[in-house]
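The values are calculated or read from the model by the stated rules, or taken from the named source; none is laboratory data. Note that the coordinates shown come from a computational prediction; the quantities given were computed from them, not determined experimentally. Cβ sites come from the backbone with ideal geometry, for glycine too, and all protein chains shown count toward neighbours. Remember, those area values only see protein heavy atoms, side chains included, never the ligands or the DNA or RNA. Shrake-Rupley method; radii C 1.70, N 1.55, O 1.52, S 1.80 Å.
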Amino acid sequence: MDSIIEVVRCFENSNIIHVDGVINPINDIEIIELELIYADLETVMKRRERVKKQLKADKSLAKEDLILEKIEKTLNEGKSARSIEFTKEEKEIIKGLHLLTLKPLMYVANVDEETIQDPESNENFKKVKKYAESQNAKVIPICVKLEEEISELESEEEKKELLEMMGLDKSGLDRLVIVSYDILGLMSYLTAGEVEVRAWTIRKGTKAPQAAGKIHSDIERGFIKAEIVSYDDLIECGSMAKAREKGLIRMEGKEYTMKEGDIVDFKFNV
C-alpha cells in the first residue's frame, strides 16, 4: 500500500504569490481533498455500474454492491472513504479499487527558515496540525527552501554542519521517510558482509523466515536460524568480533519477530 502526501504552504512571502492571493493552508487541503473525493466517486460509480450488470448472473456480487453503495453515499456527502469503518473482509473486496481517499494520509507543512526550529511558533503550522489530528493523519514541518540548499551541498559533512547551524538533527527528507515508513507499517533490517551492507524493507510484525524470503525464496524455504545483532550494539562495539565477545550476537528461530535495525545473517539449507 502507498500513501498520500500533501505539501501545504505555511509561510508568508510577498515575493511568492499564492494562487488565491492569501495563505490559507486549510482551504488548500480541503480543495485537494475534494478533488480526490471526486476522483474516487468516478471510480466507484464505474465499478458499481459494472457490478449491477453482472448481478443477475452472479449473486455473489451483491455484497460488493452494498459496500460500493455505502462508499458512494459517503463520497457524495463530501467525506473521504477513510471516514468509513470497514471490516477486514470489506477491505479485501474493495482493495482492487485503489481508492485515493482510503490511503494513509500525511501532510507536509512547508514552513520558512525562521520557524523550522520551532514549528509551534508558526500559526499556519498549528492550524494544519490541528486539522491533521481531526483526520487521524500525520503532519511534519519541512522547510523546502532549506532542503533545496542541503541538496546542493556536495559532502555529507557540509550537510551536517548546515543542519547543526539550523538546530536540526535530521533533514526534512529523512524525517519524511521515517514517518512514511511508520504510517505504512514498514520497517527495515540489514544484512552486512565484506562486499556490501544492504537494507531490506518488510512489514512490522514479520517473522524471521518471511523476512529472509525478501532476499530469496530459497532462504525462506530452507530457513534454520538467524544470527542477529542490533545496529546500536554493533556501532557501540565497533566490530562483529567485539559484539560476539560481549555476547550481543544471538540466535533466533522461526518464531522470532524482526525488529527495526536488526543486522542479520540467515542460516539456511536447501
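The table below gives the values:
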{"quantity": "Surrounding net charge for residue 118, when Lys and Arg each add one and Asp and Glu each subtract one, Cβ distance under 15 Å", "calculated": "-4"}
{"quantity": "Principal semi-axes in Å for region 1-152 [√(5λ), Cα gyration tensor, largest first]", "calculated": "39, 14, 13"}
{"quantity": "Ranked order, 45, 258 - accessible area, probe 1.4 Å, largest first", "calculated": "45, 258"}
{"quantity": "The chain, accessible surface, carbon-and-sulfur percent (1.4 angstrom probe)", "calculated": "51 percent"}
{"quantity": "Residue 50 accessible area, 1.4 Å probe, all protein chains in place, Å² to nearest 10", "calculated": "120 Å²"}
{"quantity": "Relative frequency of Cα-Cα separations exceeding 21 Å in region 99-235, percent", "calculated": "59 percent"}
{"quantity": "For the chain: accessible area per residue (Å², 1.4 Å)", "calculated": "62 Å²"}
{"quantity": "Of 160/259; 138/160; 53/73; 214/254, pairs whose Cα-Cα distance is over 22 Å", "calculated": "160/259; 138/160"}
{"quantity": "Probe 1.4 Å, all protein chains present, accessible-area order of 18, 216, 98, largest first", "calculated": "98, 216, 18"}
{"quantity": "Mean shadow area of region 80-145, taken as a quarter of the surface of its Cα convex hull (nm²)", "calculated": "5.4 nm²"}
{"quantity": "Charge tally in the Cβ shell below 9 Å around residue 185, where Lys, Arg are +1 and Asp, Glu are -1, residue 185 excluded", "calculated": "+1"}
{"quantity": "For the chain, the fraction of alpha-carbon pairs in successive 5 Å shells from zero, as %", "calculated": "1, 5, 9, 11, 11, 11, 11, 12, 11, 9, 5, 3, 1, 0, 0"}
{"quantity": "The chain, helix-only ellipticity at 222 nm - DSSP H runs n ≥ 4, -39,500 (n - 2.57), divided by all residues, nearest 500", "calculated": "-13500 deg cm²/dmol"}
{"quantity": "Solvent-accessible ranking of 232, 58, largest area first, probe 1.4 Å", "calculated": "232, 58"}
{"quantity": "Within-14-Å neighbourhood charge of residue 48 [Cβ basis; K, R +1; D, E -1]", "calculated": "+1"}
{"quantity": "Probe 1.4 Å - accessible area at residue 196, Å² to nearest ten", "calculated": "110 Å²"}
